[in-house]
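Q: Mind looking over this structure? Questions follow.
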There are 2 protein chains.
Amino acid sequence: MTEIQIAQSVTPKHIKEIAAKLGIPEEKLEYYGNDKAKIPLAIIDDEKVKESNLILVTAITPTPPGEGKTTTSIGLADALNILKKKAVAVIREPSLGPVFGIKGGAAGGGWSQVIPMVDINLHFTGDFHAIEKANNLLSALIENNIQSKSRSLGIDPRTVVWKRCMDMNDRGLRNIVAALGGKAGGVPRETGFNITAASEIMAILCMASDLEDLKERCGNIYVGDTWDGKAVFAKDLNAEGAMAVLLKDAIKPNLVQTLEGNPAIIHGGPFANIAQGTNSILATKMGMTLSDFTITEAGFGSDLGAEKFMNIKCRAAGISPKTIVLVATIRALKYHGGKSLKEITQEDVEALKKGLPNLEGHIASLKSFGIPIVVSINAFKSDTEAEIQVVEDHCKKLGVPVALSYGWEKGGNGCLALAGEVIKATNSCTDEFHPTYSLDDNVQTKLEKICKTIYGGENVVLSDIAKSQLRKYEAMGYGNLPVCMAKTEKSFSDDQKRLGRPEHFDIHIREFEIATGAGFIVPIAGNMLRMPGLPATPAAEMITIDKDGTIEGLF
Amino acid sequence: MTEIQIAQSVTPKHIKEIAAKLGIPEEKLEYYGNDKAKIPLAIIDDEKVKESNLILVTAITPTPPGEGKTTTSIGLADALNILKKKAVAVIREPSLGPVFGIKGGAAGGGWSQVIPMVDINLHFTGDFHAIEKANNLLSALIENNIQSKSRSLGIDPRTVVWKRCMDMNDRGLRNIVAALGGKAGGVPRETGFNITAASEIMAILCMASDLEDLKERCGNIYVGDTWDGKAVFAKDLNAEGAMAVLLKDAIKPNLVQTLEGNPAIIHGGPFANIAQGTNSILATKMGMTLSDFTITEAGFGSDLGAEKFMNIKCRAAGISPKTIVLVATIRALKYHGGKSLKEITQEDVEALKKGLPNLEGHIASLKSFGIPIVVSINAFKSDTEAEIQVVEDHCKKLGVPVALSYGWEKGGNGCLALAGEVIKATNSCTDEFHPTYSLDDNVQTKLEKICKTIYGGENVVLSDIAKSQLRKYEAMGYGNLPVCMAKTEKSFSDDQKRLGRPEHFDIHIREFEIATGAGFIVPIAGNMLRMPGLPATPAAEMITIDKDGTIEGLF
């Protein structure tokens, strides 16, 4: 069965039944159909948040199809429910754009999925659309102010850093010249579009503590400079009120269900290579308010997702995970051991052993946070007993508990061993996490600490442009912000070809961007793109729907 | 009280109660919150459509704030309900972009509104967003094919007529150069964005007879030409299946309620000056299936909305209105009599008399359709008895029934006289409408018939470019399509300064576009823009929301 066939083989329960499991009264729900609902923010209770157990699911350095963090998160939540724990998975919303690129959704897999999966992967409850509108309203207001005779702020169009966004893999929008067509068309300037998941509005939505905070953060967005060099913010354009109105529903977490009828909260979806890579703080707190175990994930490998989850999200939210689950696959370890993507479904114990340092590197990084770790081997049909034994033995040697998980094949029942290890680890956790750097460190020091402690690298080298940008942003008073690294997800280093556990490398920062609304400094390592393109044969060409509404070719 | 205060003073009934009034079983509804729902297409019943009475509401040439077609439509539907008729208003969805430009929504006014008005004016059920995604997916596929080495259709980038769209008043996107940034960024070319309401996808959604037809129409969209001059369609890019998947929910009409708790269907919102200007055929048929009186409106003056409603929509759908309500205001007639917008709230019987030819012109145009007409004077506080008397006497002289309507001030109770006249007129209707032109006429003849019969003009003059485009489109076999005129809404002519009832004018066609998916030829008269800008002081600056969710500055 394909993902979509499995997803559609289960009839969803009415979402009010799912809400009842969490103790949410029916009248508080805002329905989107019978299987999706928004939960009002007023339900969040900081006292209950303190008593709940937060579990972070992260991964080793992934192969392009990913190693199954979402599948593991959902399977683990289902398993904990089987064990009579009150557990909820809290995950990111998929981006629509990539669905039409390479076949595959982002709502789990096999028997560990959230449903309704087609809706979740497409328009869902409209959060991405609302983010796009808020982002692009600010762009329209900037364009309009530059055009204005009577109310001009004197914005120098060459300095505008705020870009439009669209949730579509459209390389043609990456770099454009806008506002052409003569006097009525505006003042021509170079600009471009980011994909919506890389927009600062997405980052803000995921960092906001409530609607008021969201509005204030929108006002604090840095837009560009005036002709005489004064910084211009969104609030100077009186943009934040209308932006917040556009986001008034998007800020509320979404409730759906797993295939096993357990609750799942899905909210916010910033990419992890170019943004903070984790769902909204509000969704996590909502999950923690409503359950004893909140299982959440952070994108790509632990060098990206987990690092930012700890140093940006948990620090800002005042929360700390009790256990970190590190997802590994036999296939990816063979890939790190030098095998090609085509070869990794064949048994190869030697390649596997050669790939183990990648796992070791992630364990070493995660240990720096001082939180118990459990390795979860996400099982594939192609794994052999000999291979599994090698990984299990290696984890034992490193003193890290390990569980083999069959979330894809068996759902919650396939993740009971993992759930047992997670409960044990959680009970053993006595401390809050240790951040990698202090907010008082200067930016260069923050970067070096991340590079050494998390990546296992040596020095951080700034380009001349990066140096001058950093000087400017520090002079503006933003040196105490956390850093949100934009780096390839394919390597610990900034060179995507260096698989495994590279050593003796430097991290090269090409540029800095600043997200003064979200509250990050963004160092860009290497050639990171914020607007993807479609592949030679886009998945869109295979996708269709017949007159009865049956969808084919999607996932 | 402001529009928003009135709208928020009424607690909406649960939408299932509204659905029950129409006989829709609760389990067939797809909820969007408690006050909005989508209605499945399977409910449409062509036999019931034949038995229902369709009422079209149109208007004289409007002043910029509009003359109250939507207010009248809602008030009339409420009045018919008071008179124990089963009646439903079927209207267009507002566009979000203009909400942030000039203050004011598009969901009726005063006590004749549909609610929840904030939602309806912003994201609503996401239909506009879905249209935008389908439109822009096609753009991304075009860009990707131009970039492709292995699967290129040989599209000449200079010929691509398909534009991206965004529901935002953003003049900076009107004309752009896209796909810059070197080899990875695509092949640079001139292009631009239309506002979503002007997109062909919006037109298609409103013309489609079902999901299958929608998919086929998406495939038929003309994109541009190959280097050797062969036309390229969306189906050549295998785009239509994925586009239809994105539109699978947007195609379903939306159910909301009037302030008086009567059902209203809102679906599709193409602008009337640059597109067909009326809600979807499916929504109209849904309304006709579920009620005895379906009240619908078509945008701007009768020269635009009503003409296209008849010759494009009704002809395609095989339906015919039984009565046409022509909305006039004393204020607008004084405007046509030479007064400025500031002066029209002062009594001025002479100016009013000078403006009456505009009303006469619209009556003359509408009479050509052979359907009974009722004039509705949409009352304003500034109207005087003497002024009202002049208009009533003039209508009587012309043999057209007239009713004074107080929809804004009194809701349905303010429209009882109009409802009485509409019932009388509907009972007197014995024939189907006479179209202005035959589909077999050539395009030039179609245009001349519209110009003479509807606009009261003389000749239709084509620019050299328009002539060569028309030759091309006729050679491609599209000469038998209906025409969808893009013309200013401010005058019967193509010169927006010629108010009243201009005479001895020609219509100048600058260009032709072709909408082969929607099924129109689009002649563009004068300088029509498909992407508006924001005004000097955008409404967005006044809009805000406080921590309790109370919205200010919107409407």
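Q: Going by what's in this entry, would A:G110 be described as over 18 Å from the mean Cα position of the chain (by Cα), more than 10 Å from every other protein chain (Cβ to nearest Cβ) and either surrounded by fewer than 24 Cβ atoms within 10 Å (Cβ to Cβ) or of a type in the set (S, T, Y) (or both)?
A: So A:G110 passes the test.
Q: Return the pairs, sorted by first residue and then second, in which the second residue is assigned to a helix (DSSP H, G or I) and of a type in the set (G, A, S), the first residue lies in segment B:86-99 and is away from chain A (no Cβ under 14 Å), the beta carbons are less than 7 Å apart, and the residues are 6+ apart or on different chains.
A: From segment B:86-99, the pairs are B:A87/B:A77; B:V88/B:A77; B:V88/B:G287; B:A89/B:S73; B:A89/B:A77; B:V90/B:A283; B:V90/B:G287; B:I91/B:S73.
Q: Which residues, taken from segment B:411-458, are closer than 16 Å to B:A306 by Cβ, over 23 Å from the mean Cα position of the chain (by Cα) and among the aliphatic types (A, V, I, L, M)?
A: Selection gives B:A425 alone.
Q: Which is of a type in the set (A, V, I, L, M), assigned by the TED database to the domain that holds A:E489 and either crowded, with 21+ Cβ neighbours inside 10 Å or in contact with an Asp or Glu (Cβ under 8 Å, 6 or more places away or on another chain) (or both), of A:I450, A:I373?
A: Sole residue among the options that is of a type in the set (A, V, I, L, M), assigned by the TED database to the domain that holds A:E489 and either crowded, with 21+ Cβ neighbours inside 10 Å or in contact with an Asp or Glu (Cβ under 8 Å, 6 or more places away or on another chain) (or both): A:I450.
Q: Only one of B:L366, B:L404, B:L359, B:L418 is open to solvent by 30 Å² or more (accessible area, probe 1.4 Å) and out of contact with any Cys (no Cβ under 6 Å at 6 or more places or on another chain); which?
A: Being open to solvent by 30 Å² or more (accessible area, probe 1.4 Å) and out of contact with any Cys (no Cβ under 6 Å at 6 or more places or on another chain) holds for just one of B:L366, B:L404, B:L359, B:L418, which is B:L404.
Q: For segment B:379-409, which residues satisfy the criterion of being within 28 Å of the chain's Cα centre (by Cα), outside any loop (DSSP other than H, G, I, E, B) and closer than 23 Å to B:G108 by Cα?
A: B:V402, B:A403, B:L404, B:S405, B:G407, B:W408, B:E409
Q: Among the residues of segment B:285-298, are any modelled with pLDDT of 95 or more, out of contact with any strand residue (DSSP E or B) (no Cβ under 7 Å at 6 or more places or on another chain) and farther than 19 Å from B:P62 by Cβ?
A: yes
Q: In segment B:74-92, which residues are within 21 Å of B:M202 (Cα to Cα) and open to solvent by less than 10 Å² (accessible area, probe 1.4 Å)? Before you say what the answer is, go through the steps one by one.
A: To start, the set of residues in segment B:74-92 that are within 21 Å of B:M202 (Cα to Cα) comprises B:89-92.
The answer is B:A89, B:V90, B:I91.
Q: Here is a further query. Please count how many residues of segment B:532-555 are aliphatic (A, V, I, L, M) and either more than 9 Å from chain A (Cβ to nearest Cβ) or open to solvent by 40 Å² or more (accessible area, probe 1.4 Å) (or both).
A: Step one: of segment B:532-555, the residues aliphatic (A, V, I, L, M) are B:534, B:536, B:539-540, B:542-543, B:545, B:551, B:554.
Right, trim to either more than 9 Å from chain A (Cβ to nearest Cβ) or open to solvent by 40 Å² or more (accessible area, probe 1.4 Å) (or both) and you get B:536, B:542.
So the answer is 2.
Q: In segment B:40-68, which residue that is in contact with a Gly (Cβ under 8 Å, 6 or more places away or on another chain) and open to solvent by 10 Å² or more (accessible area, probe 1.4 Å) is farthest from A:G33 (Cα to Cα)?
A: The qualifying residue farthest from A:G33 (Cα to Cα) is B:P62.
Q: Something else about it: Give A:F128, A:F124 a once-over and let me know the one that is in contact with a Ser or Thr (Cβ under 6 Å, 6 or more places away or on another chain), open to solvent by 10 Å² or more (accessible area, probe 1.4 Å) and either assigned to a helix (DSSP H, G or I) or more than 7 Å from chain B (Cβ to nearest Cβ) (or both).
A: Result of the check over A:F128, A:F124: A:F128.
Q: Looking for whichever is free of Cβ contacts under 8 Å to residues at least 24 places away in the same chain and over 27 Å from B:G186 (Cβ atoms) here; the options are A:D213, A:D225. Which one fits? Walk me through it before giving the result.
A: Numbers: A:D225 fails: free of Cβ contacts under 8 Å to residues at least 24 places away in the same chain.
Sole residue among the options that is free of Cβ contacts under 8 Å to residues at least 24 places away in the same chain and over 27 Å from B:G186 (Cβ atoms): A:D213.
Yes/no matrix, rows are residues, columns are (1) within 30 Å of A:G109 (Cβ to Cβ); (2) modelled with pLDDT under 95; (3) touching a strand residue (DSSP E or B) at 6+ places or on another chain (Cβ under 8 Å):
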position: A:L141; (1), (2), (3): no, no, no
position: A:Q147; (1), (2), (3): no, no, no
position: A:G154; (1), (2), (3): no, no, yes
position: A:C165; (1), (2), (3): yes, no, yes
position: A:P188; (1), (2), (3): no, no, yes
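Q: Oh, and also: Please return the ranges of strands (runs of 3 or more DSSP E) entirely within segment B:138-244 where 1 or more residues are more than 9 Å from chain A (Cβ to nearest Cβ) and buried (at least 20 other Cβ atoms within 10 Å of the Cβ).
A: Counting at least 1 such residues, we get B:222-225, B:231-233.
Q: Just need a number here: residues in segment B:260-277 that are at pLDDT 90 or above and over 16 Å from B:F128 (Cβ atoms).
A: Within segment B:260-277, residues that are at pLDDT 90 or above and over 16 Å from B:F128 (Cβ atoms) number 6.
Q: Which residues, taken from segment B:1-23, are of a type in the set (A, V, I, L, M), out of contact with any helix residue (DSSP H, G or I) (no Cβ under 6 Å at 6 or more places or on another chain) and closer than 16 Å to B:T294 by Cα?
A: B:I18, B:A19
Q: Six or more apart or on different chains, Cβ atoms under 7 Å: show the pairs whose first residue is in segment A:33-59 and of a type outside the set (D, E, K, R) and whose second is surrounded by fewer than 16 Cβ atoms within 10 Å (Cβ to Cβ).
A: Hits for this filter: A:N34/A:H14; A:P40/A:K28; A:L41/A:D210; A:I43/A:K28; A:S52/A:D292; A:N53/A:D292.
Q: Also, quick follow-up: Output the residues belonging to segment B:518-531 that are more than 10 Å from chain A (Cβ to nearest Cβ) and surrounded by fewer than 17 Cβ atoms within 10 Å (Cβ to Cβ).
A: B:G526
The values are calculated or read from the model by the stated rules, or taken from the named source; none is laboratory data. Note that the structure is a prediction, hence the values are computed from the model and not measured. Glycine also receives a Cβ, built like all others from the backbone with ideal geometry; neighbour counts cover every protein chain displayed. Areas reflect the complete protein model, heavy atoms only, side chains present, ligands, DNA and RNA absent. Shrake-Rupley method; radii C 1.70, N 1.55, O 1.52, S 1.80 Å.
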